[in-house]
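Chemist: Quick one: structure below, then a few questions.
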Amino acid sequence: QVQLVESGGGLVQAGDSLRLSCAASGRTFSWYGMGWFRQAPGKQRELVTTINSGGSTNYVDSVKGRFTISRDNAKNTVTLQMNSLKPEDTAVYYCARSRDAGGWLDEWRYDYWGQGTQVTVSS
């Protein structure tokens, strides 16, 4: 059983930065793609960014140039650096592991999820 534990959320002001981390259990972390998703109040969960096993990344248009995903396979962690935060970035952020090496855009391709961490950006 794979466990994903997110950390680093909090309350910040618009324009600030936050760094989210996701720690994964298991010895095969490097084999799998990873993703960050978010769910704002009253909205469906949406993709934020993905990284495949080779380090290639995808970003939703609304975060391009502001957010950066990275992975450290030696530490079994994936990190989301969020800069220039906006109130519309307020959401619960979830880390997820892909079913394979891909950094897919579709939520159904992810089979393990963390519990989420709250990010609140005030204006």
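Chemist: Want the number for S62 to L105: 0.36 nm per residue separation, take away the alpha-carbon distance, what's left?
Modeler: 14.0 nm
Chemist: In region 40-69, what trypsin sites (Lys or Arg not before Pro) fall in a loop by DSSP, with at most 13 other Cβ atoms inside 10 Å?
Modeler: Answer in residue order: K43, K64.
Chemist: Further, regarding this structure: Just to be sure I understand: of the beta bridges DSSP finds with both ends in the chain, what percent are antiparallel, rounded to 5?
Modeler: Close to 90 percent.
Chemist: Same structure, new question: Quick one: with all protein chains in place, what share of the accessible area of the chain is carbon or sulfur, to the nearest percent (1.4 Å probe)?
Modeler: It is 46 percent, rounded to a whole number.
Chemist: Testing the spin-label approximation: label points 7 Å from Cα along Cα→Cβ at A40 and Q115. State their distance in nm.
Modeler: Simple spin-label model gives 2.6 nm for this pair.
Chemist: To one decimal place, what Kirkwood hydrodynamic radius in Å is obtained for region 1-95 from all pairs of distinct Cα atoms?
Modeler: With all distinct Cα pairs of region 1-95 included, I get 13.7 Å.
Chemist: If R₀ is 22 angstrom, what is the calculated FRET efficiency for the pair L11 and E88, using the beta carbon separation as r and rounding to 0.05?
Modeler: Approximately 0.90, to the nearest 0.05.
Chemist: Still on this model: What percent do you get for the relative contact order of the chain when only Cα pairs under 8 Å and 6+ apart count?
Modeler: Worked out over the chain, it gives 37 percent.
Chemist: Another question, then. Treating only the Cβ of Lys, Arg, Asp and Glu as charged (+1, +1, -1, -1), what charge dipole size does region 1-98 show about its Cα centre? Round to the nearest 20 debye.
Modeler: In debye, rounded to 20, region 1-98 gives about 200.
Chemist: While we're looking at this one, here's another question. If you keep only loop residues by DSSP, which chymotrypsin sites (Phe, Trp or Tyr not before Pro) in region 86-122 have at most 10 other Cβ atoms within 10 Å of their Cβ?
Modeler: Nothing satisfies the criteria.
Chemist: Skip the ligands, DNA and RNA, and give the accessible area per residue of the chain with a 1.4 Å probe, whole Å².
Modeler: Normalised by residue count, the accessible surface of the chain is 52 Å².
The values are calculated or read from the model by the stated rules, or taken from the named source; none is laboratory data. Please read these numbers as outputs of a predicted model, since none were measured by experiment. Methodologically, a virtual Cβ is constructed for each residue, glycine included, from the backbone with ideal geometry; neighbour enumeration extends over all protein chains shown. SASA here: full protein model, heavy atoms, side chains in, ligands and nucleic acids out. Shrake-Rupley method; radii C 1.70, N 1.55, O 1.52, S 1.80 Å.
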